[in-house]
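Inspection log for the structure reproduced underneath, given as structure tokens.
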Amino acid sequence: MAVAGLYRRILPSPPAIEFASAEGKQLFSEALQNGTMEGFFKLISYFQTQSEPSYCGLASLSMVLNALSIDPGRKWKGPWRWFDESMLDCCEPLEKVKSEGITFGKVACLAHCSGAKVKAYNTKQSSLDDFRDHIISCTSSEDCHLITSYHRKPFKQTGTGHFSPIGGYHAGRDMALILDVARFKYPPHWVPLALLWQAMDTIDEATGQYRGFMLISKFQSAQSLLYTLSCRHESWFSSAKYLVEDLPILLKSESLHSISDVLSLMFESLPTNAENFIKWIAEVRRKEEDRDSSFLSEEEKARLAAKEGLLQQVHETKLFNIVRDWLSSCCSNAQSLCDKVSFSEIAASVCCQGAALLSGGLREDKSLCCRSTCVKCLNPSDQTPITIVSGSVISGDTEQKVDMLVPVSPSTSLSSSNLRSYCSSALDNCCGMHPGSNDVLTVLLLALPSDTWMGIKDEKLLDQIFDLVSTEKLPDVLQQEVLHLRQQLSFLVRCKGKNVDDNL
């Protein structure tokens, strides 16, 4: 009886050498002796098969993130925090990746917003010798891994663009080990490094961009706690370009004589939907039926306390007070920046996103419906005040209950005498509890490169601006958050390439 579909492919050899073959094993043994298989064991411990034909980039990245022991800071399934393809959606909706694939720049963006340190190069930004040096460095250490984006044709393989990690290097034969995440198609295999470079040095016909490779490692300390830049929305690049390239030119205007003038010029000229560019990070968890939703584990308490401490530090800056006063007086001219979206709408939206993330059966699409949402502003005797949003999200016949932990600034938290629980439309009574436009815009201003302001011609005004935005005077935690956002902004502007590597 005929069976539909395909069962694997025969690996063309040469040029590739199958990892499990006698020759492949010999190469492994010799490379191990020479110290260029150090990263292999961590990678192979988390080796996975891409779950969708267009998920090679996501599978490669989740494999590397887990190998680096980077904590995603959110639950995967049950109580476990773990990177999975389904969690890599901070730069591109999964449905879009599934149907269209993902760009080289967006994979690098995903790595960055997932907490990794990333250096990405296309072949016109590097050379074969540099590539060899990077591979030797990464394969000689457990602290760095390399993902390559290449075309399959030079290896006589079927398919076009593809992503996979490099598992090792054999110096004597100048060959790299590709841990192909399309394991249903080809097994891991050794390839000549010069041929791999040739496979990367190809142009994606749909975009005109060259492929390349990225080096991924772990930061020595935790990165973003409360804020992140988002490239999920199509407006992300215009927002990044405006902040890095256009704003410094606008600030050369002769008409700027006060801080208010600067804020008005900056914020009233923002591109459409710029408010989607910087987000505050909500922690979402599956609601446990057998546990009181107000119960927080020690880890959850620690993470929430860190977020709340950071939020308080933002509120204590001089810049925050100036931004708050400007927004309250100028919202009629900058409506997109004001907190016109109610907390109930924010809660419903976040609960829907959380349900889509936590349940493989739910997807973030128009079929999702947040049936009910409640916010509990609690002050238990044995804990600091906590705010928890609970929601029930419906998708067809499936229901997912989720909790969202909301950071609360100590200056706005409810006292025990005001212990209350709000549901449905009454949520808006808590609208001052969550990070809002005041906080987000303050942090965005602090995160702009220091040379942004150099075009201001009024020297006294320039001194005032530098006094407000200087990172040197910030508390350590806020300073680290701001510098991380600054790195993100620079990184996103550099990652505007559109290499689509999504075909097997």
Using amide H atoms built in the peptide plane, which far-off residues or other-chain residues are under 5 Å from TRP76 H to H? ARG81, TRP82
Given 175-186, 34-45, 120-131, 6-17, the highest-first ranking by average Cβ count within 10 Å works out to 175-186, 34-45, 120-131, 6-17
Mean shadow area of segment 73-215, taken as a quarter of the surface of its Cα convex hull (nm²): 9.4 nm²
Cross-link table LYS25/LYS119; LYS75/LYS301; LYS98/LYS218; LYS241/LYS473; LYS153/LYS185; LYS42/LYS117, entries beyond 23 Å C-alpha to C-alpha: LYS25/LYS119; LYS98/LYS218; LYS241/LYS473
Can you work out ³J(HN,Hα) from phi for every residue in segment 82-95, in order, using Karplus 6.51 cos²θ - 1.76 cosθ + 1.60 and θ = phi - 60°, giving whole Hz and x for Gly and Pro? 6, 7, 9, 3, 5, 9, 9, 10, 6, 10, 7, x, 4, 4
Got a sec to turn the phi values of segment 13-21 into Karplus ³J(HN,Hα) couplings, 6.51 cos²θ - 1.76 cosθ + 1.60 with θ = phi - 60°, whole Hz, x for Gly and Pro? 9, x, x, 7, 10, 4, 4, 7, 6
Placed amide H near GLY101: partners under 5 Å, 5+ positions off or other chain: none
How many percent of the accessible area of segment 71-197 is carbon or sulfur, using a 1.4 Å probe? 53 percent
Where does each of 297-307, 105-115 land if you order them by average Cβ count within 10 Å, highest first? 105-115, 297-307
Here FRET efficiency (C-beta to C-beta, ILE136 to THR49, R₀ 30 Å, nearest 0.05) is 0.60
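The values are calculated or read from the model by the stated rules, or taken from the named source; none is laboratory data. All values reported here derive from a predicted model rather than from experimental measurement. FYI the Cβ positions are ideal-geometry reconstructions off the backbone, even for glycines, and counts take in every protein chain you see. Keep in mind that these areas ignore ligands, DNA and RNA; they rest on the heavy atoms of the full protein, side chains included. Shrake-Rupley method; radii C 1.70, N 1.55, O 1.52, S 1.80 Å.
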